[in-house]
Amino acid sequence: MIENINNVIEIGTKLTLSWFRGQPKVYDNITPKLFREEIPDRSLDYEWSLITNFMLGAPTLSSYIPARDNDYLAWLFLAQHHGLPTRLLDWTDSVLVALFFAVNDFPDSPGELWAMNPIRLNCCTGHTSIATPNDPEVRFFASEPHAPHAPSETLTKEFKLNSPPERPKALFPPLNFPRMIAQLSRFTIHPVPNPGNSIPDLLPDEDYLVRYIIPSDNDKKKKLLEDLDALGISKTTMFPNLDSLAEDVRQRHSSPLSASTLQNPPTCAGEYKFP
């Protein structure tokens, strides 16, 4: 249970090998958006259609796009960060970034913060390191939507694998986009779900995967959000654009403390004292 910001800092300083994920509500599992029940078509064909249409429209709206149209994995990273359902699951190196996403929405609902050891996850697939985009299994996942009717054995042979990958994999993305840099992004990429191969199934030991609940009573989520802002974690730093800046400014100046400071500013530096 997370009661205050000190709990979170202690988690981050102890679990130094972990990646973190914050969710604003408590869910039964940690599943990529593409495979959640609310998605009408949880198939790779649906993901391919979404990404293709995203690729067509993105160049007119942003200069931060993948250099090549055929770099499907890079487009997958970018689309995931802008809310499209994909097989990717967002993680971060920073426990404070994860906490922001756990408390920024749904103030009346408990949130949750997950900590996962990514190397231990990849050990489940026989690897002892974190993957990169050039990893054969990652390339297999990225190629599946391109060849939906090709037998999996064809891709298995192409990428010199012994069998089609059936388990999620932790990977370092190329940090080519501002949001990914700001959020210290990491990802797991997932196959179509099959029994026994979700992250909680593969990591049942709390030494490698643990969930912390963030209660919503007594404005705890609001207080944690204010503490994060004091530590330099805000919507502006997570989503560096003018809309985020305007929202942060509005929220800060709407709090009683900020309003009082604006109306009665300190008259000299001597009035600022450290505790």
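Bear in mind that the values in this text are calculations on the coordinates, not laboratory data. Remember, predicted model here, so these are calculated numbers, not experimental data. Cβ placement follows ideal geometry from the backbone for every residue including glycine, while neighbour counts extend to all protein chains displayed.
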Computed over the stretch 24-110, the Cα gyration tensor eigenvalues, each multiplied by 5 and square-rooted, give semi-axes in Å (largest first) of 26, 17, 11
Charge tally for neighbours of Gln183 with beta carbon under 13 Å away, counting Lys, Arg as +1 and Asp, Glu as -1, is +2
Magnitude of the Cβ-charge dipole (Lys and Arg +1, Asp and Glu -1) of the stretch 5-249 about the Cα centre, nearest 20 debye, reported as 420 debye
Per DSSP, the loop-located trypsin sites (Lys or Arg not before Pro) within the stretch 27-108 having at most 15 other beta carbons within 10 Å are Arg36, Arg68
Ratio for the chain, C-alpha Rg to 2.2 N^0.38 Å, reads 1.12
So, relative contact order of the chain in percent, Cα under 8 Å, 6 or more apart, is 25 percent
Of the candidates Pro174, Leu76, Ile189, the farthest towards the positive dipole end of the chain (Lys/Arg Cβ +1, Asp/Glu Cβ -1, centred on the Cα centre) is Pro174
Zone reached by a paramagnetic label modelled 7 Å from Val26 Cα along Cα→Cβ, restricted to the stretch 220-249 with backbone N below 17 Å, covers 220-222
With a Förster distance of 45 angstrom and the Cβ-Cβ distance between Ser94 and Asn194, calculated FRET efficiency to the nearest 0.05 equals 0.90
Where a ≥ b ≥ c are root eigenvalues of the Cα gyration tensor, a/c under 1.5 meaning rounded, otherwise prolate if a/b exceeds b/c and oblate otherwise, the stretch 18-172 counts as oblate
One computes Rg over Rh for the stretch 1-57 from alpha-carbon atoms, with the Kirkwood Rh, and obtains 1.17
